[in-house]
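The structure appears right after this line, and notes come after that.
The values are calculated or read from the model by the stated rules, or taken from the named source; none is laboratory data. These numbers come from a predicted model, not from an experiment. Methodologically, a virtual Cβ is constructed for each residue, glycine included, from the backbone with ideal geometry; neighbour enumeration extends over all protein chains shown. For accessibility, only protein heavy atoms count, side chains too; no ligands or nucleic acids. Shrake-Rupley method; radii C 1.70, N 1.55, O 1.52, S 1.80 Å.
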Amino acid sequence: MKIDDLLGNAKSVLEKNWRGKHTVPSPTLYPHQWSWDSAFIAMGYTHYALERGCSELDNILNGQWKNCLLPHIIFDPEASGYFPDPNYWKTESHSPKGMLTSGIVQPPVHAIAALKYYHHSRGEKIIRRWFPRLKGFHRYLLENRDPERSGFATIYHPWESGFDNSPRWDEALARIEPRDLPEYKRSDLDHVKKAEERPTKEDYDRYIYLVEILKRFNYEDEEVYKEMPFKIKDVVFNTILYVANKALLELAKILGEENSEILEWIGRQEDRFLKQFCPDPEEGLFYDYDLVLNHFIKRRTVAALIPIYAGIVEKPIIEKTVQWLDHSHFCAKGTCKFPLIPSTSLDSPYFKHITYWRGPIWINTNWMLYQGLRTYHFNEHAERLRKAMLDLVRESGFHEYFDPHNGEGHGSDNFSWTASLTIDLLYKCDLVD
Ligand code: DGY
């Protein structure tokens, strides 16, 4: 497939998934608007369809709650076939009037996308509208979700990480015993070839149980924070939060807004990042921290490498991280068709080649690694990832995730962020313009 065809095909995935004000992540599995998906999707649009990028971000920010929580789903009243639906979440007392939302967050990619939008559009007026909402969301994360004032947000639910069934959450979920669950029927399994591609029933029971706890406390953080059995300082979420704080600082400067609070957040994160996430700088891997068990979650997954994206850690440590990219644990070199980083180390006992976040390759994680490699000037590694991402989608299409061994696509086809980040890679590399 020629470059032009690849670009055209990526754009037509987004065209197919466009719903008037937002883009669905997938026409089948995810028929509403998802928060971090939309931010990644908006990045692709900034290159060729600014008004869509604007609408994408505007619509997601319009769903913000009074306490500034930015919900992970905005439901489309016209769409059906997804569980849990708005009737289940019971968020009416928090959501803006007329909007149906979930009651949890997802990684805060939005300020990064908003800055990219500004760079392409110079649209100061809309940025001025978004800025207080973005800042409010970051403040919500760094206050309500960080009463310890560590500088890092706590997640209450695997869905908040975006890495739903990653082995990172196995231990924390195993100690939860779901009780008095409501009857529920999943819809996700209707849209995949094999049940094995999705989380298990045991996972879902726990996902639902955790939402039941949130509902019991009507999503009030003070109570929830005391009672939640799942409380994690997520290394990927907080890497993104740091990058997003830096983007917010840029936006504040562009708008001439007061920035001391943002500087304070950034300073706290810079001082404490290593201590919070890297128990052994010699190893060069980064881990989530379980606040209930009070220990690091030492699992070999792509999350352990993602802090390269923040550019927050000194280069000698990151050199060790980069060595892992070539290690048999992570690198598909030799045994696998495309040299991309799988979601879970290939030789770990929990690796599963087609199961969602337990092994498959995802484009957004490789895209974040690619950005980080460029920041630290590991140009050969960066180029290898960029080329491999493009080769993979050229051969297999715009799937949600891919089997690391043979590159076959799984989960949903026509997946929006796979398409939008492909567009971003094609434009950034001046292959098209
Ligand atoms: C899902 O439904 O699989 C989502 O990841 C939850 O947001």
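If you take the beta carbon distance between PHE217 and GLU395 as r and set R0 to 41 Å, what does 1/(1 + (r/R0)^6) give as a FRET efficiency, to the nearest 0.05?
0.30
What is the extension gain from LYS97 to ASP5, computed as 0.36 nm multiplied by their sequence separation minus the C-alpha to C-alpha distance, in nm to one decimal?
Answer, rounded to one decimal: 28.9 nm.
Provide the per residue accessible area, probe 1.4 Å, for the chain, rounded to a whole number of square angstrom.
For the chain, the per-residue accessible area is 37 Å².
Give the calculated FRET efficiency between ALA174 and GLU78 to the nearest 0.05, with a Förster radius of 41 Å applied to their Cβ-Cβ distance.
Rounded to the nearest 0.05, the efficiency is 0.60.
Determine the gain in length on full extension of the stretch ILE126-GLU15; use 0.36 nm per residue of separation and subtract their C-alpha separation, reporting nm with one decimal.
Roughly 37.6 nm would be gained on extension.
Of the listed peptides 194-207, 300-313, what is their order by residue-averaged count of other C-beta atoms within 10 Å, with the highest listed first?
300-313, 194-207
With the radius of gyration and the Kirkwood radius both derived from the Cα set of region 80-196, what is their ratio Rg to Rh?
Radius of gyration over Kirkwood radius for region 80-196 works out to 1.02.
Which shape class, rounded, prolate or oblate, goes with region 180-317 when its Cα gyration tensor gives a ≥ b ≥ c as root eigenvalues, a/c under 1.5 marks rounded, and past that a/b bigger than b/c marks prolate?
Prolate shape, in that a/c is at least 1.5 and a/b is the bigger ratio.
Considering only protein heavy atoms and a 1.4 Å probe, what is the carbon-and-sulfur percentage of the accessible area of region 250-337?
It is 46 percent, rounded to a whole number.
Could you tell me which helices of the chain pass both thresholds, a Cα extent of 24 Å or more along their own axis and a mean Kyte-Doolittle hydropathy of at least 1.0, with helices taken as whole DSSP H runs?
Length and hydropathy pass: 235-255.
Which percent of the accessible heavy-atom area of region 46-150 goes to carbon and sulfur, probe 1.4 angstrom?
With neighbouring chains kept in place, the figure for region 46-150 is 51 percent.
Determine how many Å³ per residue the convex hull of the Cα atoms of region 138-179 encloses.
It comes to 105 Å³ per residue, whole-number rounded.
Can you divide the C-alpha Rg of region 1-68 by 2.2 N^0.38 Å and report the result to two decimal places?
1.18
Return the aspartates and glutamates within reach of LYS337: Cα separation strictly under 13 angstrom, same-chain partners fewer than 8 residues apart disregarded; answer none if there are no such residues.
ASP391, GLU395, ASP403, GLU408
Starting from one equal scatterer on each C-alpha and no solvent at all, send me the Debye-based log10 I(q)/I(0) for region 3-428 at q = 0.08, 0.09 Å⁻¹, two decimals.
-0.39, -0.50
Say R0 is 22 Å: what FRET efficiency, to the nearest 0.05, do LEU293 and GLU227 get from their beta-carbon distance?
For R0 = 22 Å, the calculated efficiency reads 0.85.
Which trypsin sites (Lys or Arg not before Pro) in region 117-186 pass both tests, a DSSP loop state and at most 16 other beta-carbon atoms within 10 Å?
Qualifying residues, ordered by number: ARG122, ARG149, ARG175, ARG179, LYS185, ARG186.
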